[in-house]
Structure formats: C-alpha cells, structure tokens
Amino acid sequence: MSYNIAGKAVPSEYLVIGIFSAIGGGAYLATRKGGDAKAQTKAPAPITADEEGFIKQFIAEAQHEEVKK
C-alpha cells in the first residue's frame, strides 16, 4: 500500500522507516551527554564553628532522646 504525499506515491515501508528513524534520533538526542555546555556549580561553603556546634548539639540531643526510649 502506498500513500499520496505531496502528489507522489510513498510506500508505507518508507513512512515506517522515517518514523522509526525520527523516534530513534529523538531518543538519542534526549539521552546523550551535554558536553562542555554544563553550568558551573559553586563549591559548598566550609562549615563554620557555629554550624559545627549546632550539628554536635543536635546529634547529642537526638542520641539522648533515643536512649530514653
């Protein structure tokens, strides 16, 4: 069976090959690596003495509550 596209007879096999190629090409383009165009991320700031104290206090309180149970 063939379809009439733009005044020309196109076999259905060619349409299937074109559709599968388009789907495969789209999947390839969607899953490939981005390359060098990735955005640069900043390194996390170092932990300050206040943050370190808060974390140690939080862990100590959590362990103390765990022992009570």
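Select one label from [x] 24, 38, 22, 13, 3, 0; [y] 14, 16, 13, 12, 13, 11, 9, 11, 1; [z] 15, 25, 32, 23, 4, 0: the one whose number is P(r) over Cα pairs in 10 Å bins from 0, in percent as derived from the coordinates shown. Matching entry in [x] 24, 38, 22, 13, 3, 0; [y] 14, 16, 13, 12, 13, 11, 9, 11, 1; [z] 15, 25, 32, 23, 4, 0: [y]. Collect residues whose amide H, placed 1.01 Å from N in the peptide plane, falls under 5 Å from the amide H of Val10; neighbours closer than 5 in sequence don't count. Long-range HN contacts for Val10: Tyr3, Asn4, Ile5. Estimated from helices alone, the mean residue ellipticity of the chain at 222 nm is -20000 deg cm²/dmol (sum of -39500 (n - 2.57) over DSSP H runs with n ≥ 4, per residue). Between 0 and 90 degrees, the angle of helix 49-68 with respect to the longest Cα principal axis of the chain falls at about 80 degrees.
Each value in this text was obtained by applying a stated rule to the coordinates, not by laboratory testing. Worth saying up front: this structure is predicted, and the values here are computed from it rather than measured.
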